[in-house]
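S.K.: Can you read through this structure? Questions will come right after.
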């Protein structure tokens, strides 16, 4: 995680809340309420993500406060309702001014981690791994992907700059008979880049397209876009008959939910990409309780 970028994002979020005048409510507090202690508490069950982020948040948002994470509060730990996450002690006004922004970060991080864990648990013992996508909140990509890892998921490419994913719109105008040769040319061009991409992936919409690209050297992952479970099972069998299991991974994608992900995993695919991890995760209910 780029900590400098994180600090800039936190400062932007704080400025959005405070505007040019600051917290006019906190400024009204009487003098005898200057110092206070707050417990950061989970209100519902979930998965914690934020051990690396929380100290940076409080350093930027309320630098005069003393912050202590609860014992064993590490990324990926299970939260039960009422469990203390941290204590924040210091000037009441400054902490109250930071409360909403801090919770906005923490609740989303934990929400993404919690939803990811649900998908990971749903495919347990199948051999399939859960991956995120680029469907992240703008400027939040590092944070969203960090939260996915905290929930036990895996990160797909970070952006357009680090890996190749050839999708259907990239292939418009290429005749089906030339698909294998055209993709082979793309692979060779990608391998000539300095540095080369971290992986080369191509999306296919049909089993015929899969047959055309399966034996193209240099393809690491083939994305099976909106395949039915029987089609995925056939795709896995085709890949395995060609003895390509060690070279080419198959990734399922498209309208996969918690209700369907187990069936998808049982087809034998290696990877399952779930955009919902980051575009539809509900925030986890976390509160600041003043003591």
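Read-outs throughout are calculated quantities, based only on the coordinates presented, and are distinct from any laboratory measurement. Everything quoted here is computed from the prediction, not taken from an experiment. Because the Cβ atoms are built from the backbone with ideal geometry, glycine has one as well, and the counts that use them run over all protein chains shown.
S.K.: Per DSSP helix of 4 or more residues, -39500 (n - 2.57); summed, then divided by the residues of the chain. What does that give at 222 nm, rounded to the nearest 500? Write out the running numbers ahead of the final one.
M.R.: Values: 9 runs with 107 residues, N = 291.
It comes out at -11500 deg cm²/dmol, rounded to the nearest 500.
S.K.: Also, I was wondering about something else. Averaged over every viewing direction, what's the projected area of the C-alpha convex hull for segment 12-103? Give it in nm², one decimal, please. Walk me through the intermediate numbers first.
M.R.: Working: hull surface 25.1 nm².
Mean shadow area of the hull around the Cα atoms is 6.3 nm².
S.K.: Ok, one more. Arrange the following residues from fewest to most other Cβ atoms within 10 Å of their Cβ: 232, 1.
M.R.: Details: 232 21, 1 12.
In increasing order of surrounding Cβ atoms, one gets 1, 232.
S.K.: Another question, then. Give, in nm to one decimal, the length gained when the segment between residue 24 and residue 158 is fully stretched (0.36 nm per residue of separation minus the Cα-Cα distance).
M.R.: Details: separation 134, 0.36 × 134 = 48.24 nm, distance 3.96 nm.
That pair, residue 24 and residue 158, stretches by 44.3 nm at full extension.
S.K.: Taking every pair of alpha-carbon atoms in segment 125-279, what share in percent sits in each 5 Å bin, from 0 to the bin with the longest distance?
M.R.: Spelled out bin by bin, segment 125-279 gives 2, 9, 19, 21, 21, 16, 10, 3, 0 percent.
S.K.: Taking every DSSP beta bridge with both residues inside the chain, roughly what % is antiparallel (nearest 5)?
M.R.: Working: 18 of 36 bridges.
Around 50 percent of the beta bridges assigned by DSSP in the chain are antiparallel ones.
S.K.: Right, here's the next one. Sort the chain into rounded, prolate or oblate with this rule: let a ≥ b ≥ c be the square roots of the eigenvalues of the Cα gyration tensor; rounded if a/c is under 1.5, and if a/c is not under 1.5, prolate when a/b is larger than b/c, oblate otherwise. Show your work: numbers first, answer last.
M.R.: On the way: a/c = 3.33, a/b = 2.22, b/c = 1.50.
It comes out prolate by the Cα gyration axes.
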